[in-house]
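Asks: The structure follows.
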Amino acid sequence: MTSQLAGFYNLNLEDRLNELKRNSELTEEEIQLLRHSINALGFELSNRMVENVVSCFSLPLGIALNFKINGTERIIPMAIEEPSVIAGASKAAKLALPKGFTAKASEQIMIGQIQLVNVKNFQKAKKAILKNKKNILKLANAQDKTLIQAGGGAKNIEVREVKGKQAFLVIHLLVDVRDAMGANAINTMCEAISSKLEELSGGEARLRILTNLAIHRIVEAKAIWKKEVIGKENINKILQVYYFADADIFRATTNNKGIMNGVDAVVIATGNDFRATEAACHAYASLSGQYKPLAKYSKNKNGDLVGEIELPLALGIVGGATRTHPLAKVCLKLMKIKSAKELSEIVACVGLAQNFAAIYALATEGIQRGHMKLHANNIAVLAGAKPNEIKRVSEKMVKEGNVKADRAKEILRELRKNKRK
Ligand code: NAD
């Protein structure tokens, strides 16, 4: 058995699966499962998307209902493996009706970074670079005619000094990426302008890549949950849960994880990069120097609960997998998305809804009750229940309020014993 399978990338699917069988303990049945699961996208497409493909990994795709955003109703696809997330978002959206959510995205400006090392005179280099701003922007914009035609392109340059174990001059290239996530566009531009920057600074360009901290690509969303709908007392309880997250990083982390449950599910369903989104949102949460909750809550003069969220979302509706993944295309169409701005507005609303759903449950009945049914199904499967046994085992556990693997095994044994009788 070896992990060094030379030339693996050259093989077709069958030969790859044979190699895998020879070099693992997978049974023929398990290899067959890999072979069948490739059908989700097909070998050709998957193999064009990533390297060394042997199968496709599926996630459930559900739809969140009841969302009204800026006056328009939207059916929102969510790809996620965790129970209760989609139900939570749908419930929060329903409780926010009839007005629903409002949301507004900023311009779609991303930042590319070029690190210059061995610069002798920072002031002189900074001056020379800023003096040549126009030429540098022109050079950057020559790299992506399509982006320029779409109304985007490199717009500005900023020069920073970054001091750590060494001191560097760091150039920020600000690019309007329009409807793309923008990573490839920016990376290409950064590489293209680096020799000009070396020439102007007398230094050497080292790293040239975008930053995922998209501070100029911010989306804001808001909703009001009326006291007549969610209860006056519950609003005070929700605020207490929020104040806890605002003051404590341990709570804020889990609070923001809940927000990302919603955000990531839509990001994945639309073929966008959820790792980039995660990195950006968590960095943004700590921009003040203290890690904070990404959504805020307050009471308005009517005594209703106001929820507001602010996220740095770099999402595309062109580029990456957004157009190559067939289901991503369907999901974008389902939401009637016309621009990247619109997508980020929807995603921010789902993030806010998800957070509201979680803290509403946590402040009142706790999250386990609503969670129990699907959780019980998973526990039943874990205990070895066959498809025709899952429902009976999980229902019994929920009824008893005892959802545990040990109990699931006992119920299974009883069930099978009775059947044999
Ligand atoms: P891309 O390069 O596939 O497509 C973007 C291009 O589409 C633009 O550069 C432009 O030429 C063209 N385009 C056509 N119509 C457009 C419009 N209306 N608006 C804007 N552009 C339009 O994709 P990308 O968005 O540059 O990069 C996204 C991919 O890069 C993702 O798959 C991501 O995972 C990956 N990536 C991410 C990182 C990171 O996050 N750090 C780093 C490298 C790569």
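Asks: Would a scan of region 141-160 turn up a residue that is within 16 Å of the ligand (Cβ to nearest atom), touching a strand residue (DSSP E or B) at 6+ places or on another chain (Cβ under 7 Å) and more than 28 Å from residue 278 (Cα to Cα)?
Replies: Yes, region 141-160 contains at least one residue that is within 16 Å of the ligand (Cβ to nearest atom), touching a strand residue (DSSP E or B) at 6+ places or on another chain (Cβ under 7 Å) and more than 28 Å from residue 278 (Cα to Cα).
Asks: Now, a different point. Does residue 415 fit the bill of being outside the structural domain of residue 74 (by TED's automatic domain parsing), open to solvent by 60 Å² or more (accessible area, probe 1.4 Å) and at pLDDT below 95?
Replies: Values: outside the structural domain of residue 74 (by TED's automatic domain parsing): yes; open to solvent by 60 Å² or more (accessible area, probe 1.4 Å): no; at pLDDT below 95: yes.
No, not satisfied.
Asks: Residue 56 fails exactly one of the following numbered conditions: (1) open to solvent by less than 30 Å² (accessible area, probe 1.4 Å); (2) out of contact with any strand residue (DSSP E or B) (no Cβ under 6 Å at 6 or more places or on another chain); (3) in a strand (DSSP E or B). What is the number of that condition?
Replies: (3)
Asks: Continuing with the same structure: If I ask for residues that are open to solvent by 70 Å² or more (accessible area, probe 1.4 Å) and within 18 Å of residue 272 (Cβ to Cβ), which ones from region 61-70 would you list? Write out each step before concluding.
Replies: So the first thing to find is which residues in region 61-70 are open to solvent by 70 Å² or more (accessible area, probe 1.4 Å), and the list is 61, 63, 65, 70.
Within region 61-70, 61, 63 meet the criteria.
Asks: Now a separate question. Six or more apart or on different chains, Cβ under 6 Å: which pairs go from a residue in region 29-51 that's assigned to a helix (DSSP H, G or I) to one that's open to solvent by 70 Å² or more (accessible area, probe 1.4 Å)? Could you list them?
Replies: 31/21; 40/58
Asks: OK, next. Does residue 125 satisfy the condition of being aliphatic (A, V, I, L, M), away from the ligand (no atom under 16 Å from the Cβ) and assigned to a helix (DSSP H, G or I)?
Replies: On the way: aliphatic (A, V, I, L, M): yes; away from the ligand (no atom under 16 Å from the Cβ): yes; assigned to a helix (DSSP H, G or I): yes.
Against the criterion (aliphatic (A, V, I, L, M), away from the ligand (no atom under 16 Å from the Cβ) and assigned to a helix (DSSP H, G or I)), residue 125 qualifies.
Asks: Here are 359, 346, 379: which of them is open to solvent by 10 Å² or more (accessible area, probe 1.4 Å) and in a helix (DSSP H, G or I)?
Replies: Values: 359 fails: open to solvent by 10 Å² or more (accessible area, probe 1.4 Å); 346 fails: open to solvent by 10 Å² or more (accessible area, probe 1.4 Å).
Within the list 359, 346, 379, the selection yields 379.
Asks: Quick check, is residue 385 crowded, with 20+ Cβ neighbours inside 10 Å, hydrophobic (A, V, I, L, M, F, W, C) and not assigned by TED's automatic domain parsing to the domain that holds residue 67? Full working, then the answer.
Replies: On the way: crowded, with 20+ Cβ neighbours inside 10 Å: yes; hydrophobic (A, V, I, L, M, F, W, C): yes; not assigned by TED's automatic domain parsing to the domain that holds residue 67: yes.
So residue 385 fits the description; yes.
Asks: Starting from region 53-81, take each residue that is of a type in the set (Val, Ile, Thr) and list its partners that are part of a loop (DSSP other than H, G, I, E, B) and open to solvent by 20 Å² or more (accessible area, probe 1.4 Å), counting only C-beta distances under 7 angstrom and pairs at least six apart or across chains.
Replies: Pairs that qualify, where the first residue is of a type in the set (Val, Ile, Thr) and the partner is part of a loop (DSSP other than H, G, I, E, B) and open to solvent by 20 Å² or more (accessible area, probe 1.4 Å), are 80/59; 80/60.
Asks: Right, another one. If you scan region 306-320, which residues turn out to be modelled with pLDDT of 95 or more and assigned to a loop (DSSP other than H, G, I, E, B)?
Replies: From region 306-320, those modelled with pLDDT of 95 or more are 306-318; that's our starting set.
Once the filter is applied, which keeps residues that are modelled with pLDDT of 95 or more and assigned to a loop (DSSP other than H, G, I, E, B), region 306-320 yields 313, 314, 315, 316, 317.
Asks: Please find, among 303, 289, the residue that is small (Gly, Ala, Ser), open to solvent by 50 Å² or more (accessible area, probe 1.4 Å) and not in a helix (DSSP H, G or I). Break it down into steps so the answer makes sense when it comes.
Replies: Numbers: 303 fails: open to solvent by 50 Å² or more (accessible area, probe 1.4 Å).
Selected residue: 289, the only one of 303, 289 that is small (Gly, Ala, Ser), open to solvent by 50 Å² or more (accessible area, probe 1.4 Å) and not in a helix (DSSP H, G or I).
Asks: Could you tell me which residue of region 164-178 is farthest from the ligand (Cβ to nearest atom), considering only residues that are open to solvent by 50 Å² or more (accessible area, probe 1.4 Å) and under 31 Å from the mean Cα position of the chain (by Cα)?
Replies: Taking the candidates together, the pick is 164.
Asks: If a residue must be crowded, with 18+ Cβ neighbours inside 10 Å, more than 16 Å from the ligand (Cβ to nearest atom) and more than 18 Å from the chain's Cα centre (by Cα), how many such residues does region 199-223 contain?
Replies: The number of residues fulfilling the criteria is 6.
Asks: Residue by residue through region 393-404, note down the ones that are part of a helix (DSSP H, G or I) and in contact with a helix residue (DSSP H, G or I) (Cβ under 6 Å, 6 or more places away or on another chain).
Replies: If we filter region 393-404 for residues that are part of a helix (DSSP H, G or I), which is where we start, we get 393-400.
Result: 393, 394, 396, 397, 398.
Asks: Taking into account only those residues within region 179-198 that are aliphatic (A, V, I, L, M) and more than 15 Å from residue 141 (Cβ to Cβ), which is surrounded by the most Cβ atoms within 10 Å (Cβ to Cβ)? Reasoning before the result, please.
Replies: First, the residues of region 179-198 that are aliphatic (A, V, I, L, M): 180-181, 183, 185-186, 189, 192-193, 197.
Right, trim to more than 15 Å from residue 141 (Cβ to Cβ) and you get 181, 183, 197.
Values: 181: 30, 183: 20, 197: 28.
By that ranking, first place goes to 181.
Asks: Another question, if that's okay. Within region 248-286, count every residue that is part of a loop (DSSP other than H, G, I, E, B) and within 16 Å of the ligand (Cβ to nearest atom). If you could, list the steps in order and put the result at the bottom.
Replies: Taking region 248-286 as the starting set, the residues that turn out to be part of a loop (DSSP other than H, G, I, E, B) are 248, 270-273, 286.
Filter again for within 16 Å of the ligand (Cβ to nearest atom), leaving 270-273.
Selection size over region 248-286: 4.
The values are calculated or read from the model by the stated rules, or taken from the named source; none is laboratory data. Keep in mind that this is a model prediction, so the values were computed, not measured. Don't worry about glycine lacking a Cβ; one is built from the backbone with ideal geometry, like all the others, and counts go over all protein chains shown. Please note that ligands, DNA and RNA were not included when accessible areas were found on the heavy atoms of the full protein model with its side chains. Shrake-Rupley method; radii C 1.70, N 1.55, O 1.52, S 1.80 Å.
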